[in-house]
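The values are calculated or read from the model by the stated rules, or taken from the named source; none is laboratory data. Model, not experiment: these values are computed from the prediction. Here the Cβ positions follow ideal geometry from the backbone for every residue, glycine too, while neighbour counts run over all protein chains shown. Just the protein is used for accessible areas: all its heavy atoms, side chains included, with ligands, DNA and RNA removed. Shrake-Rupley method; radii C 1.70, N 1.55, O 1.52, S 1.80 Å.
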Amino acid sequence: MAAGGGGSRAAKSTAKGKAKNKKRHNKKPLSQHHLVSLVATATSLAHSFLSQNDLLLLPSQTLTLETLLSSTSTSLSTLLCFPNTPPQPPLRPPPPPLECWFSRFLSATSASRNFDSLWSHAFRMSEHSFSILLSLLSPFLNSTIPSIPPNFVLAAAIYRLAHGASYKAVGRRFGLDSVEACRAFFAVCKAVSDKLGNLFEFRSDIARIVGGFGWISLPNCCGVLGFGRFGVGGEVLGPNGSLLVQALVDSEGRFLDVSAGWPSAMKLESIFRQTKLYLGVEESRDLLNGPVYELGNGKAIPQYILGDSCFPLLPWLLTPYIRSDEADSFGSLEKAFNSVHSRAMGLVDTAFGRVRARWQLLSRQWKEECVEFLPFVIVTGCLLHNFLIKCSEPMPDDNVKSLREEELPVFHGQVDESGERMRDVLAAHLSRVSLRR
């Protein structure tokens, strides 16, 4: 009896399951009209959420949400163009607030105890640093765009640089149209270049630079020279094209000299020999002409720069030892020099990494139609990087490692014998220092 009762229950359960499956299969799918209506409602709610909470969300969050909503609206508009789709009211975001985002941001931060955190999230600097920058650039901005308050012009440009926002997105936040946002951005770039150009301090503060490298056991060193790479889309610079930037940095990661805008297809030595840095040392002789440094044992070393292996070895530009044959091994002098040299070269990579981390516009691949403006923006980013170091702003702690997409080719030209002697002298000194530790 028990076995028979169990079989009956099993049969009933099976019958119920079949009925449910049949009901599920018979359920009609959503009509296109119903689906479009649901998505339109969700999109409208998302727009309302964004407009009501834009001061609470991080800029990266609001920009991402705006991009998703724009994409959704475009897809819905496409669906509505299909035949047999009932007409729907046009998809429009809710009207913007009476005050633009930046006006409300200023009011909110003035009443907040945590205002510096809000400023740092939005503009990658404190309100104090922004005010100093504004005081330096206001005369130029007032004369260039008198119709817009200078704090709006500066904030709009810094916001675009910090977050890679489109001109449309910038304009929406600062009460500007796209053309005004574009004018504001390039006016600030021009003002930074003109008013802060002295922050490339290679010619004006050599004593501080040499002293900084002295603390890391590089006597009489005046900088570290390397290249940064900034991607450009399209075919104007060839497949995987990019612009190269030659930069000299100090021991604290400040940019001392920047030469931007060189196509990646150019030979690196050719770029180097056309820069103002090279010409200032080799032709005008007004750079690296300071006193020599006595190393002891009757040896002395003049002022010099450390350079990546892609540069030629010169008396004033010391590159690492390179093995001509993989089977060769380095001695203690070469190992000591290359170890210190490698750590120093990291200063260039980290400086570029920090510029990209703080100014997200420079971390993205640029469109080929905008490539002529890229060098201008890179220099602006580097000068603002120096300015914020001077203001004691904390450095970005994310994505600061500037990983090279590809290793730069090693220089294989003629060897400068005087350069070899200078490198050997410094290598012997560094080897002695390492033995004393």
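How high is the relative contact order of the range 273-312? Use alpha-carbon pairs under 8 Å, at least six apart in sequence, and give a whole percent.
Result for the range 273-312 is 23 percent.
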Sorted largest first, the C-alpha extents of the range 89-210 along its principal axes in whole angstrom are 68, 35, 24
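Which pairs break 22 Å Cα to Cα here: LYS367/LYS390; LYS195/LYS276; LYS299/LYS335?
On the way: LYS367/LYS390 32 Å; LYS195/LYS276 20 Å; LYS299/LYS335 20 Å.
Where the Cα-Cα span goes over 22 Å, the pairs concerned are LYS367/LYS390.
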If the label point sits 7 Å along Cα→Cβ of ARG273, residues of the range 304-344 with amide N under 11 Å come out as 312
Rounded to the nearest 10 Å², the 1.4 Å probe accessible area of SER363 is 60 Å²
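Expressed in nm to one decimal, what extension gain is obtained for the pair ARG203 and LEU55 from 0.36 nm per residue of sequence separation less their Cα-Cα distance?
Details: separation 148, 0.36 × 148 = 53.28 nm, distance 4.36 nm.
Value of the extension gain: 48.9 nm.
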Both in Å, the radius of gyration and Dmax of the C-alpha trace of the range 257-359 are 16.1, 48
Residue-ordered couplings for the range 150-160, obtained by feeding phi - 60° into the Karplus form 6.51 cos²θ - 1.76 cosθ + 1.60 and rounding to whole Hz (Gly and Pro as x), are x, 5, 5, 4, 5, 4, 4, 5, 5, 4, 5
Here, the range 304-387 modelled as identical Cα point scatterers in vacuum has Debye log10 I(q)/I(0) at q = 0.14, 0.23 Å⁻¹ of -0.69, -1.08
Put THR350, THR64, THR275 in order of accessible area, largest first, probe 1.4 Å, and you get THR64, THR350, THR275
Total charge of the residues flanking LEU347 in space, meaning their Cβ is under 11 Å from its Cβ, with Lys and Arg +1 and Asp and Glu -1, is 0
Expected unfolding gain across SER284-ARG229 under the 0.36 nm per residue rule, minus the alpha-carbon gap, is 16.9 nm
Taking alpha-carbon centroids only, the range 287-317 lies from the range 247-285 a number of Å equal to 17 Å
